[in-house]
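Trainee: Input: one structure, supplied below.
Any read-out appearing in this document is the output of simple, stated calculations on the displayed coordinates, not a laboratory observation. If you're wondering where the values come from, they're calculated on a predicted model, not measured in any experiment. Glycine also receives a Cβ, built like all others from the backbone with ideal geometry; neighbour counts cover every protein chain displayed.
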Amino acid sequence: MPDKYGTGCDPGNFPGTDVLRNKLGIRNRERLAEAEAEFAAIAADAIEITAPPFDLNYLCGIHRQLFDELYDWAGTIRTVDIAKGRTRFCTAERVIPEAKRLLDRLSEQSNFVGLQRPELVRCVAELYAELNLIHPFREGNGRALRLFFEHLILSCGFAVSWQDIEPQAWIDACVASVAGDYVPLKAIFERCIGCLLDPVVTG
């Protein structure tokens, strides 16, 4: 479900529609969602993990590579306030300072490197919840965040796979986290984060 600014009045939408402007000229919301999934899946396979810092520039770079073929603003922090259902995300003017605060703290915590698996699950779930509430981009936040966290978890030396997690489970867990309940997100990452791997070489 796309983020809402106000049906028909969002400057990022095609006039008179609730469909985001896009390079393909798609004006059907369902078709745009399909295109977004297709482009992101192809791009994700080509994005290589690089060395830290896992900062806001890193996250923006992931978003840009995922959606550059679809949106002119791919990789650009949003400038409008958005909501999804009953959840209102961080105001646009606070996105950059709040995201930087969280990711600076991640850096101070050595990007979670060296944590045992149970502690990693907890820390990753809580950080994901906070970054999701910030929702840095106009659209595509979920896919960008999952790839960002995939890189982060791999850099900690653990396997990770989202394959068995249903989309609705992500949605429900994120909604719960807005109310301060991190248990569903922790359960997801408990399933997704696997065993220790050989050291990851980044460059």
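Trainee: Would you mind getting me the FRET efficiency between Thr17 and Ile171? Use the beta-carbon distance for r and R0 = 30 Å, nearest 0.05.
Mentor: 0.80
Trainee: OK, next. Along Cα→Cβ, 7 Å out, is where each label goes; now give me the distance between the ones at Ile42 and Glu108 in nm to one decimal.
Mentor: A separation of 4.3 nm, rounded to one decimal place.
Trainee: How big is the convex hull of the Cα atoms of the range 40-81, per residue, in Å³?
Mentor: Numbers: hull volume 3.2 nm³, N = 42.
That works out to 75 Å³ per residue.
Trainee: First select every other residue whose beta carbon is under 10 angstrom from the beta carbon of Ile26; then total the charges, Lys and Arg +1, Asp and Glu -1. Walk me through the numbers before you get to the answer.
Mentor: On the way: positive: Arg21, Lys23, Arg27, Arg29, Arg31; negative: Glu30, Glu34, Glu36.
With Lys, Arg at +1 and Asp, Glu at -1, the neighbours total +2.
Trainee: Would you mind ranking Arg78, Arg86, Arg105 by Cβ crowding within 10 Å, fewest neighbours first?
Mentor: Working: Arg78 21, Arg86 7, Arg105 11.
Listing Arg78, Arg86, Arg105 from fewest to most nearby Cβ atoms yields Arg86, Arg105, Arg78.
Trainee: Under a 5 Å amide H to amide H cut-off, with H placed in plane at 1.01 Å, what residues pair with Phe158 once short-range neighbours are removed?
Mentor: Under 5 Å from the amide H of Phe158: Leu197.
Trainee: Next question, about the same structure. Just to be sure I understand, if you calculate semi-axes √(5λ) of the Cα gyration tensor in Å for this structure, which of (i) 26, 20, 18; (ii) 31, 20, 18; (iii) 28, 18, 16 do you get?
Mentor: Answer by label: (iii).
Trainee: When Ile49, Ile62 are ordered from fewest to most other Cβ atoms inside 10 Å of their Cβ, what list results?
Mentor: The most exposed by this proxy come first: Ile49, Ile62.
Trainee: Based solely on its DSSP helices, what 222 nm [θ] is calculated for the chain when runs of n ≥ 4 H residues each add -39,500 (n - 2.57) and the sum is averaged over all residues, nearest 500 deg cm²/dmol?
Mentor: Helix-only estimate at 222 nm: -16500 deg cm²/dmol.
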